[in-house]
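Every number here is computed from the coordinates shown, using simple stated rules; none is lab data. What you see is a predicted model; the values in this text were computed from it and never measured. Neighbour counts are summed over all protein chains in view; Cβ atoms, including those assigned to glycine, are modelled from backbone coordinates with ideal geometry.
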Amino acid sequence: MLYLSRRIDFSAMHSYRIATWSEKKNQQIFGLCSNINGHGHDYKLEVMVKGNLNQKSGIVVNTVDIKQIVGGLVEKELDGKFLNKEHPFFMTHIPTTENIVGYLWEAIAPQLKGCTLHQLRLHENPYLYAEKGEEDMVTLSRKYHFSSAHRLHSDQLSDEENVKLFGKCNNPNGHGHNYYLDVFVKGIPDQVTGMIVDLAELDEIVENVVLNKFDHKHLNLDTNEFEGLNPTSEVMAKVIYDMLSPHISNLYKIGLWETEKNYFEYLGTEEVSV
């Protein structure tokens with residue numbers, strides 16, 4: 001089985017509102033997204049399909065066909081539109097990123113020939129995307145930033161072994177990174193709000209539980225969470241997951257970018273509650 005992807009870009013505007021709610025409740029639940037006049041995004045849609053290799057052509061499917069099918073659908077239905085006012089589905093379903101990616105899955109999957117839709121990933125902006133696969137649940141990723149220093153040093157290794165293993169990262173005075181933290185939640189979009197998590201609430205939790213403790217700190221010296229631990233990015237991803245999981249019921253996994261080249265993920269062992 002081979003997998004290939006094609007990206008389709010489009011621009012659209014939307015508003016998160018429920019007509020039967022008061023203005024105060026809409027603002028409370030949806031924040032700035034509740035603006036009745038709408039707001040917009042430059043969306044990036046990654047379409048991944050799977051299939052068997054055609055021995056004659058050497059391809060699974062022509063990516064131009066994917067562009068024509070998906071691009072044609074997106075251009076006709078979404079691109080340049082105020083979704084709440086101009087798309088039948090989103091007149092009755094709030095066009096959250098979760099709902100849009102779910103709608104696109106149902107619209108695209110039956111049209112593909114010679115391959116099977118495997119995954120859709122819809123980027124609303126560089127800090128938020130929703131992902132849909134063959135299961136009913138949708139994954140939402142929210143990105144955060146913090147700056148920290150650390151020293152990689154294990155008390156279970158000799159000084160010589162630490163230097164050999166960690167090199168300059170074992171510098172006694174430490175070194176630092178601009179970390180980017182991806183928090184993934186998973187669930188079925190709420191039928192009323194179209195969301196699987198309240199983003200304002202998620203932001204507040206991550207800020208209070210993680211960012212306020214780690215940002216502009218030396219992890220070895222200024223935090224309790226890494227006492228007795230070697231703050232490698234692998235350890236950091238697990239520690240952050242354990243910090244957040246009691247506060248986020250549908251937490252799926254943690255992704256941590258130490259640099260643009262080094263990325264680490266940790267998935268908890270518990271099943272996600274829906």
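Here are the numbers:
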read-out	value
Whole-Hz ³J(HN,Hα) from phi, Karplus 6.51 cos²θ - 1.76 cosθ + 1.60, for region 25-32, glycine and proline x	5, 4, 5, 5, 7, 10, x, 4
Rg/Rh for region 72-224, where both radii come from Cα atoms and Rh is the Kirkwood radius	1.16
Residue with peak Gaussian network fluctuation, the chain [Cα springs, cutoff 10 Å], from N84, N171, N220	N171
Estimated FRET transfer efficiency (D203, K164; beta-carbon r; R0 51 Å; 0.05)	0.80
Lys pairs, region 142-274 - Cα-Cα below 23 angstrom, 8 or more residues apart or on other chains	18
Correct choice for volume of the Cα convex hull per residue in Å³ that was computed from the model, options (1) 160; (2) 129; (3) 168	(1)
Projected label distance in nm at L4 and S22, using a 7 Å step from Cα toward the beta-carbon	5.6 nm
Cβ-based exposure ranking for C169, C33, in which fewest neighbours within 10 Å come first	C169, C33
Degrees separating the helix 233-244 axis from the principal Cα axis of the chain, which is the longest one	70 degrees
Listed residues N162, L181, L117: farthest to the positive end of the dipole of the chain (Cβ charges)	L117
Estimated 222 nm signal from helices in the chain, with DSSP H stretches of n ≥ 4 weighted -39500 (n - 2.57), rounded to 500	-7500 deg cm²/dmol
Amide H within-cut-off set for I59, under 5 Å, with H built and near neighbours excluded	N54
Whole-number percent relative contact order across region 1-152, with pairs defined as alpha carbons under 8 Å at least 6 apart	26 percent
Region 1-134: antiparallel DSSP beta bridges as a percent of all, rounded to 5	95 percent
Total formal charge among the other residues, if their Cβ is under 14 angstrom from that of V60, Lys/Arg +1 and Asp/Glu -1	+3
